[in-house]
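Every read-out reported here was derived from the displayed coordinates using simple, explicitly stated rules and does not represent laboratory data. Remember, it's a predicted structure, so these values are computed and weren't measured experimentally. All Cβ positions, glycine included, derive from the backbone under ideal geometry; neighbour counts span all protein chains shown.
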């Protein structure tokens, strides 16, 4: 690795979608061109093909595509009849969409702390949060573990807790699709799973998109009705209140081509993450992966000493290296959500992480010279 900053180098990409496109552009252009020729922009055959291939990849019986990861979460809660008076348990250290869908239905999100190693839902905090909900007269209905930054949550602990309290488990694998827990793919765990195909996700479309995974055939029929205005025998019969939440055919065509190289990209992400760990573990707290899990490394996130992060980010920015912070404010402290209950008056791990985490560039096409440049800059910044 070099010992000094190369200020004339081109800026580094945080997520290099252009490199991926260069690899498969001919295939994607042909697939999109086929849709344009057919003019079947809604519910074209590519949508059904994608659903079948996603289910096979995940090891689930069914996949139902939809318009976004947020809509995937909402559709599942709608199908389960979540309503006012129900409590839905969410980690506080997550993107807002996990909790955002709960008030849509008049239900109450209850926020849970996370584990200091994996940053995923803390089962003990979940137990405490259920007690808080019961004290407030709420009915514990659903728990939404998040597979944060690509790593599955501790389902060995969460699933039995959900069974104890009679709750359904809705796995939010928007960041973790393709990961495994005890050799089971995300999408084949819990009662249902939601994922996102936002372009920056490990498996991303060229626009918004999402999918739901389940083994429940009755749930699938209900979800398909809900995503098309609650339709019955046809689109002009409405048997329930629904929404517009279809995945369009062009996005399905793009995703089919990306799914074909997804396994290879997951392996590349893991190699890059392990190399980051080896090069940075002596100067920062590097990510920890539970031995029962495989991560898809949606993000590569360091934990730094308090008060250090913003200076490191500025130093890297000066060298053309972008960083990101996921997340500066946990959900239980967000202005729109801080009146909702939580497992405690403070959620200490979430609040500490919000002050200390920083994410570095991560994608399957990050070459070693560029990674060395990033590592050198991080080490310099931490020594300054």
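Relative contact order of the chain: what whole-number percent is it, with Cα pairs under 8 angstrom and at least 6 residues apart? Computed over the chain, the figure is 24 percent.
When 75, 222 are sorted by how many other C-beta atoms sit within 10 angstrom of their C-beta, beginning with the fewest, the order is 222, 75. A simple spin-label model places pseudo-atoms 7 Å from Cα toward Cβ; at residue 124 and residue 216 they are separated by 3.2 nm.
The distance linking segment 239-281 with segment 33-91 is 14 Å (Cα centroid to Cα centroid, whole angstrom). Cα centroids of segment 141-169 and segment 330-384: how far apart, whole angstrom? Value for the Cα centre distance between the two parts: 23 Å.
In the chain, the calculated helix contribution to ellipticity at 222 nm averages -12500 deg cm²/dmol per residue, counting -39,500 (n - 2.57) for every DSSP H run with n ≥ 4.
In a fully extended conformation the segment linking residue 96 and residue 19 would gain 24.8 nm over its present Cα-Cα distance, using 0.36 nm per residue.
Look at 300, 327 and count the other Cβ atoms within 10 Å of each Cβ; fewest to most, that gives 327, 300.
All distinct Cα pairs of the chain go into the 1/r average, and the inverse of that average, the Kirkwood radius, is 21.6 Å. Over all orientations, segment 338-384 has a Cα convex hull whose mean projected area works out to 5.7 square nanometres. When the alpha carbon coordinates of segment 138-286 are projected onto the principal axes, the ranges are 62, 43, 24 Å, largest first.
Projected label points at residue 380 and residue 352, each 7 Å from Cα along the beta carbon direction, are separated by 3.1 nanometres. Exposure proxy for 41, 57, 93: other Cβ atoms within 10 Å of each Cβ, ordered fewest to most, give 41, 57, 93.
With R₀ fixed at 30 Å, the C-beta to C-beta distance from residue 263 to residue 43 puts the FRET efficiency at about 0.60.
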